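A short write-up of the structure that comes next.
The values are calculated or read from the model by the stated rules, or taken from the named source; none is laboratory data. Computed from a prediction, not measured in an experiment: that's the story for all the values here. Cβ sites come from the backbone with ideal geometry, for glycine too, and all protein chains shown count toward neighbours. We work out accessible area using only protein heavy atoms, side chains counted, and drop any ligands, DNA or RNA first. Shrake-Rupley method; radii C 1.70, N 1.55, O 1.52, S 1.80 Å.
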Protein chains: 2
Amino acid sequence: MAVYTEVADEELDAFIASYDIGALTSCKGIAEGVENSNYLVQTQAGRYILSLYEKRVARKDLPYFLALMEHLAARDISCPLPVHDREGRTLRELAGRPAALITFLDGVSVRRASIEQSASVGRALGHFHVAGESFPRSRANSLSLSDWAPLFAAIGDRADAIIPGLAGEIRKELAYLDKSWPSGLPQGVIHADLFPDNVFFLGQDVSGVIDFYFACNDMLAYDIAICLNAWCFESDASFNVTKARAFLQAYEGVRPLSVDELAALPTLARGAALRFLLTRSYDWRNTDGEALVKRKDPNEYLRKLRFHRKVKSYRDYGLGEH
Amino acid sequence: MAVYTEVADEELDAFIASYDIGALTSCKGIAEGVENSNYLVQTQAGRYILSLYEKRVARKDLPYFLALMEHLAARDISCPLPVHDREGRTLRELAGRPAALITFLDGVSVRRASIEQSASVGRALGHFHVAGESFPRSRANSLSLSDWAPLFAAIGDRADAIIPGLAGEIRKELAYLDKSWPSGLPQGVIHADLFPDNVFFLGQDVSGVIDFYFACNDMLAYDIAICLNAWCFESDASFNVTKARAFLQAYEGVRPLSVDELAALPTLARGAALRFLLTRSYDWRNTDGEALVKRKDPNEYLRKLRFHRKVKSYRDYGLGEH
């Protein structure tokens with residue numbers, strides 16, 4: 001949750017007036033998004049989210065993210081649509097921050113998805129990947145294999161202070177992934193952060209996907225691996241193979257996986273678990289106590305990593321023989 | 001800002017279903033209210049605020065607050081109206097906390113009110129005091145004169161660590177207020193926390209008043225004294241006598257002040273400044289660094305207190321001879 005930047009009254013009024021959306025009737029800072037300050041803005045024309053991008057989101061990447069949302073929304077992916085101001089701009093500045101006004105999506109994020117909801121997320125990710133194929137821009141993944149060793153180095157000795165033995169375990173995992181990381185798999189635009197926080201449901205169906213600020217070009221199957229971590233474990237760290245099966249089968253209903261992608265899934269899942277273990281460990285030690293963000297427990301991802309290490313093949317994720 | 005308590009998905013669904021307001025379409029934790037966790041809830045029937053009351057709000061006081069909102073709303077005061085569930089209850093329980101669903105009010109709170117807005121707040125407070133006359137319940141002010149010395153004692157030596165010399169200055173002020181605090185002035189329901197955060201505007205007019213969780217029975221003029229502190233100083237701590245005049249004249253347009261109330265105003269304003277100086281000083285030293293609340297600077301109220309100490313009569317607040 002986060003509202004880092006406050007906007008002065010007059011500045012907000014002038015900002016809203018620069019769009020063709022009527023007068024402001026309400027503006028509430030909302031506890032959503034870790035990287036931005038977000039406001040739920042209501043005007044005579046409707047509801048919007050006003051996002052102010054804080055330092056963790058690089059300004060140079062914002063045109064990619066905003067153009068991606070426009071590209072996806074035009075292809076019937078339910079995601080926020082950046083609103084154009086009277087001069088046609090989507091990327092603006094407010095309170096000294098890059099800012100954008102995007103449309104509001106109905107729906108509720110769930111903490112624990114049902115089987116049906118897991119399937120709906122799989123379908124949504126499949127459609128997202130297909131719709132992204134024609135997206136002309138490209139952005140490298142800044143949190144992929146080659147970035148993990150430097151991130152680990154930045155955590156340094158503090159890893160063992162978080163969880164005793166963590167440093168050694170990460171070191172071994174990095175060595176394994178370095179020699180086993182797949183290549184040649186189908187690439188495309190991935191969401192890269194499709195956690196339950198970033199998916200809205202109405203009933204059992206995905207009603208919207210938000211928060212594209214980690215989106216990048218990478219192996220599509222890596223996005224699936226992130227979702228296996230984010231959606232298919234219970235709060236006691238047990239793997240729910242029924243949810244995984246529902247998720248994967250629904251995804252394959254939209255975009256079937258190749259043999260190579262299936263074979264790479266356990267390694268990609270280990271990589272995805274390590275990526276979140278590393279960023280959470282880094283944030284655990286570096287979060288200012290005054291910050292308005294809840295720290296997330298690195299231990300959760302260590303347990304997930306250990307699970308994937310024991311996985312023998314994609315069949316352990318609930319898929320039948322392909 | 002605050003969202004302290006998270007609500008499980010199923011619990012929220014069941015809670016919403018216990019009201020006759022249709023299905024949930026959106027729920028966002030909002031950065032509003034320091035004492036509660038607040039969610040902006042949208043259902044097929046409309047928009048609501050779901051408040052979960054944290055430990056600073058005494059459970060035994062909630063029926064007073066909720067009944068007050070109903071009483072005021074029935075008298076055309078624009079304030080949130082507690083929604084009755086299918087069994088007729090307004091006070092409920094959710095996620096282990098007392099909880100209430102109240103109607104959503106349009107409007108935007110301002111950081112720096114205009115002259116017209118200051119007048120509109122004065123009128124709104126006047127109407128609030130008049131509408132409260134017929135409210136049958138009573139609740140003592142738990143942050144009045146007799147509570148300040150114990151609060152000061154709880155801050156203890158740490159006062160001087162916040163601002164050097166603060167302890168001595170508070171001690172002297174308490175001694176003055178103890179012998180000078182007025183009695184016999186008109187009593188009634190006061191809001192007791194009518195800060196800019198708690199007032200919404202549409203344009204220049206007050207569109208709503210929220211956050212009744214300090215409301216109590218006390219001298220009506222003390223509520224005015226709180227507003228002089230909360231609305232009539234600029235950010236450099238200078239007193240804006242034009243705003244004070246606009247506020248007081250508009251208030252008197254609804255409920256004229258007696259000679260005794262006018263005479264007591266400077267003392268009441270000192271008391272109000274001391275009350276917020278004390279609670280801010282207490283919070284300054286006691287706020288957990290992990291808490292999702294921005295600490296408010298005690299120094300602001302020390303400067304306001306010093307201003308009121310130099311005030312010779314109510315005329316210094318911009319009112320002409322009565």
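When A:65, A:104 are checked against the criterion of being within 14 Å of chain B (Cβ to nearest Cβ), of a type in the set (Phe, Trp, Tyr) and touching a residue at least 40 places away in the same chain (Cβ under 8 Å), a single residue qualifies: A:104. Is it the case, given these coordinates, that residue A:57 is more than 14 Å from every other protein chain (Cβ to nearest Cβ), in contact with an Asp or Glu (Cβ under 6 Å, 6 or more places away or on another chain), more than 21 Å from residue B:42 (Cβ to Cβ) and of a type outside the set (Asp, Glu)? Criteria met by residue A:57. Considering only residues in the range B:39-54 that are out of contact with any Leu (no Cβ under 7 Å at 6 or more places or on another chain), part of a strand (DSSP E or B) and polar (S, T, N, Q), the one that is nearest to the other protein chains (Cβ to nearest Cβ) turns out to be B:42. Of everything in the range B:23-37 that is under 18 Å from residue B:108 (Cα atoms) and more than 9 Å from chain A (Cβ to nearest Cβ), the residue that is least open to solvent (accessible area, probe 1.4 Å) is B:33.
State whether the residues of the range B:128-144 include one that is touching a residue at least 40 places away in the same chain (Cβ under 8 Å), away from chain A (no Cβ under 14 Å), touching a helix residue (DSSP H, G or I) at 6+ places or on another chain (Cβ under 6 Å) and of a type in the set (Phe, Trp, Tyr). So far as the range B:128-144 goes, yes, one or more of its residues are touching a residue at least 40 places away in the same chain (Cβ under 8 Å), away from chain A (no Cβ under 14 Å), touching a helix residue (DSSP H, G or I) at 6+ places or on another chain (Cβ under 6 Å) and of a type in the set (Phe, Trp, Tyr). For the criterion of being touching a helix residue (DSSP H, G or I) at 6+ places or on another chain (Cβ under 9 Å), surrounded by 16 or more Cβ atoms within 10 Å (Cβ to Cβ) and farther than 20 Å from residue A:199 by Cβ, residue A:53 passes. Can you tell me how many residues within the range A:71-85 are among the charged types (D, E, K, R) and either assigned to a strand (DSSP E or B) or buried (at least 17 other Cβ atoms within 10 Å of the Cβ) (or both)? Count: 1. Comparison of B:236, B:223 shows that the only residue that is at pLDDT below 95 and either touching a Cys at 6+ places or on another chain (Cβ under 8 Å) or under 22 Å from residue B:119 (Cα atoms) (or both) is B:236. I'm checking my understanding of the structure. Among residues of the range A:207-230 that are within 14 Å of chain B (Cβ to nearest Cβ) and not charged (D, E, K, R), which one is least open to solvent (accessible area, probe 1.4 Å)? Among residues in the range A:207-230 that are within 14 Å of chain B (Cβ to nearest Cβ) and not charged (D, E, K, R), the one least open to solvent (accessible area, probe 1.4 Å) is A:208. Every test in (1) open to solvent by less than 20 Å² (accessible area, probe 1.4 Å); (2) part of a helix (DSSP H, G or I) is passed by residue B:257 save one, and that test is (2).
Number of residues in the range B:119-143 that are polar (S, T, N, Q) and either more than 21 Å from residue B:198 (Cα to Cα) or open to solvent by less than 20 Å² (accessible area, probe 1.4 Å) (or both): the value is 3. The residue that is nearest to residue A:200 (Cα to Cα), counting only those in the range B:7-22 that are more than 8 Å from chain A (Cβ to nearest Cβ), open to solvent by 20 Å² or more (accessible area, probe 1.4 Å) and assigned to a loop (DSSP other than H, G, I, E, B), is B:22.
Filtering the range A:86-101 to residues that are at pLDDT 95 or above and either assigned to a loop (DSSP other than H, G, I, E, B) or within 14 Å of another protein chain (Cβ to nearest Cβ) (or both) leaves A:86, A:87, A:88, A:89, A:90, A:91. When you look at residue B:152, is it of a type outside the set (Lys, Arg) and buried (at least 20 other Cβ atoms within 10 Å of the Cβ), yes or no? So residue B:152 fits the description; yes. Pairs linking a residue in the range A:243-255 that is under 17 Å from residue A:128 (Cβ atoms) to a residue that is in a helix (DSSP H, G or I) and among the charged types (D, E, K, R), with Cβ atoms under 6 Å and 6 or more positions apart or on different chains, are A:250/A:123; A:254/A:123.
The set of residues in the range A:102-128 being in contact with a His (Cβ under 9 Å, 6 or more places away or on another chain) and not aromatic (Phe, Trp, Tyr) consists of A:125 alone.
Within the range B:103-118, being open to solvent by less than 20 Å² (accessible area, probe 1.4 Å) and either of a type in the set (Asp, Glu) or more than 18 Å from residue A:25 (Cα to Cα) (or both) holds for one residue alone: B:118. Over 30 Å from residue A:165 (Cα atoms), modelled with pLDDT of 95 or more and not small (Gly, Ala, Ser) - does that describe any residue in the range A:271-281? Checked against the condition, which is being over 30 Å from residue A:165 (Cα atoms), modelled with pLDDT of 95 or more and not small (Gly, Ala, Ser), the range A:271-281 yields no hits at all.
Meeting the requirement of 1 or more residues that are hydroxyl-bearing (Ser, Thr, Tyr), the helices (runs of 4 or more DSSP H) wholly within the range B:127-222 are B:145-155, B:166-180.
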